[in-house]
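Contents: one structure, followed by commentary.
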Amino acid sequence: MSMHPLRKKRLLIVIFIILGSSLSAYLIGTALKDNLNLFYEPSKIKNGEIPFNKKIRIGGMVMENSIERDPNSLIVNFVVSDFKASIPVIYDGILPDMFEENTGTVVTGRLKEDGVFIAEQVLAKHDENYMPPEVASAL
């Protein structure tokens, strides 16, 4: 018993649509995975739970007396802590106006093998009562 030509054509169209959709979903998933910025607390970083040189976000409080500015460039060193562990951060750029010691921050960048976080972007809180949701849950 052979399949009717119209049914055979419809079956091939359905198979083509399923294969095309699967390939599209795979390609989209692969592209998004590379651009995903995962959030980590300093204590998870100190426990070795993250890979090095992968773009991530860390959050916590800027430690008191930790901000050191290079007088000859825009490089700033500071320490981010979740009160369980601390991560040294290096940032080369202009910091937000609200950035200061004892305030919440979220920093995007890459962790180097020596444990220093090289920041590409630094975000600071908006006012006295605001804290980024990731930082609030981490603390």
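Tabulated data for the structure shown
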{"item": "Scope the stretch 81-94; condition surrounded by 14 or more Cβ atoms within 10 Å (Cβ to Cβ) and over 11 Å from G109 (Cβ atoms); matching residues", "result": "S81, D82, K84, A85, S86, P88"}
{"item": "Strands (runs of 3 or more DSSP E) wholly inside the stretch 1-107 containing at least 2 residues that are at pLDDT below 90", "result": "38-40, 55-62"}
{"item": "Filter result (touching a helix residue (DSSP H, G or I) at 6+ places or on another chain (Cβ under 7 Å) and open to solvent by 50 Å² or more (accessible area, probe 1.4 Å)) within the stretch 22-49", "result": "none"}
{"item": "Tally, over the stretch 50-80, of residues that are surrounded by 19 or more Cβ atoms within 10 Å (Cβ to Cβ), more than 15 Å from E100 (Cβ to Cβ) and either of a type in the set (S, T, Y) or out of contact with any Ser or Thr (no Cβ under 9 Å at 6 or more places or on another chain) (or both)", "result": "0"}
{"item": "Subset of the stretch 103-124 [in contact with a Gly (Cβ under 8 Å, 6 or more places away or on another chain) and either over 13 Å from K54 (Cα atoms) or of a type in the set (D, E, K, R) (or both)]", "result": "G104, T105, V106, V107, E120, Q121, V122, A124"}
{"item": "Matching residues in the stretch 113-133 - criterion: being assigned to a loop (DSSP other than H, G, I, E, B) and modelled with pLDDT of 90 or more", "result": "V116"}
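The values are calculated or read from the model by the stated rules, or taken from the named source; none is laboratory data. Remember, predicted model here, so these are calculated numbers, not experimental data. Cβ sites come from the backbone with ideal geometry, for glycine too, and all protein chains shown count toward neighbours. Keep in mind that these areas ignore ligands, DNA and RNA; they rest on the heavy atoms of the full protein, side chains included. Shrake-Rupley method; radii C 1.70, N 1.55, O 1.52, S 1.80 Å.
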